[in-house]
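Everything on this sheet refers to the single structure shown next.
The values are calculated or read from the model by the stated rules, or taken from the named source; none is laboratory data. What you are looking at is a predicted structure, and each value in this text was computed from that prediction instead of being measured. Quick reminder, even Gly has a Cβ in these numbers, built from the backbone with ideal geometry, and neighbours come from all protein chains shown. Side chains are part of the model used for accessible areas, which takes the heavy atoms of the whole protein and leaves out ligands, DNA and RNA. Shrake-Rupley method; radii C 1.70, N 1.55, O 1.52, S 1.80 Å.
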Amino acid sequence: MAEPEDFNAKIIREFRANTGKVGGPFEGAPILLLHHRGARTGKERVSPVVYQAVGDGFAVFGSKGGAPSHPDWYRNLLAHPDTDIEVGGDTVPVKARDLTGDERLPIWERQKVLMPGFAEYEEKARGIREIPVVLLERR
């Protein structure tokens, strides 16, 4: 199996070469490239993530395939919420905001309808953690 960085690097190259479109397991899915700085290291990183358009913003989901821990990018955004995303061929400055309660719920429920795999991730994580929903709002 490919290392996560190799897997992500391939998706990032394909995304940039095809103005935001990728194939394989993410074909047809709305993908953006999330820039983030390491919470401890400050190192610049880029992660491809699925998003849901929410008004003028973008909701992203810390599912990590239902793993027992949050993805690194989530912790990084909490530490450094001002960042950029690549959507299609555009780079957009955004501010990340962790959603909770009544603000989180309708977006999360819609994501499970749009992409049922997210319901499976939720089931895997049940009792361990709540999958984060982060809203990336344009700055």
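The table that follows gives values for the structure above.
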quantity	calculated
Label-point separation, LEU78 to GLU137 (7 Å along Cα→Cβ), nm	2.0 nm
Residue-wise HN-Hα coupling along segment 57-70, computed from phi with Karplus coefficients 6.51, -1.76, 1.60 (Hz; x: Gly, Pro)	x, 9, 8, 10, 10, x, 6, 6, x, x, 4, x, 10, 6
Calculated P(r) tail over 24 Å for the chain, as whole % of Cα pairs	26 percent
Percent carbon-and-sulfur accessible area, the chain, ignoring ligands, DNA and RNA, probe 1.4 Å	51 percent
Segment 13-113, dipole about Cα centre (Lys/Arg Cβ +1, Asp/Glu Cβ -1), debye to the nearest 20	360 debye
The chain: relative contact order in percent, alpha carbon pairs under 8 Å with at least 6 residues between	26 percent
Label-point separation in nm, ASP56 to GLU123, each point 7 Å along Cα→Cβ	3.9 nm
Exposure ranking of LEU114, LEU33 by accessible area [1.4 Å probe, largest first]	LEU114, LEU33
Selection from GLY55, ASN8, THR91 lying farthest towards where the dipole of segment 1-99 points positive, charges on Cβ	ASN8
Potential lengthening between THR100 and PHE7 on full extension [0.36 nm per residue; Cα-Cα distance subtracted]	30.4 nm
Point-to-point label distance, LYS21-LYS43, nm (Cα→Cβ direction, 7 Å offset)	3.4 nm
Lysine pair count for the chain [Cα-Cα under 25 Å; pairs on different chains or 8 or more apart]	13
Candidates GLU86, GLU122, GLU44, ranked by Gaussian network fluctuation over the chain, Cα under 10 Å, top entry	GLU44
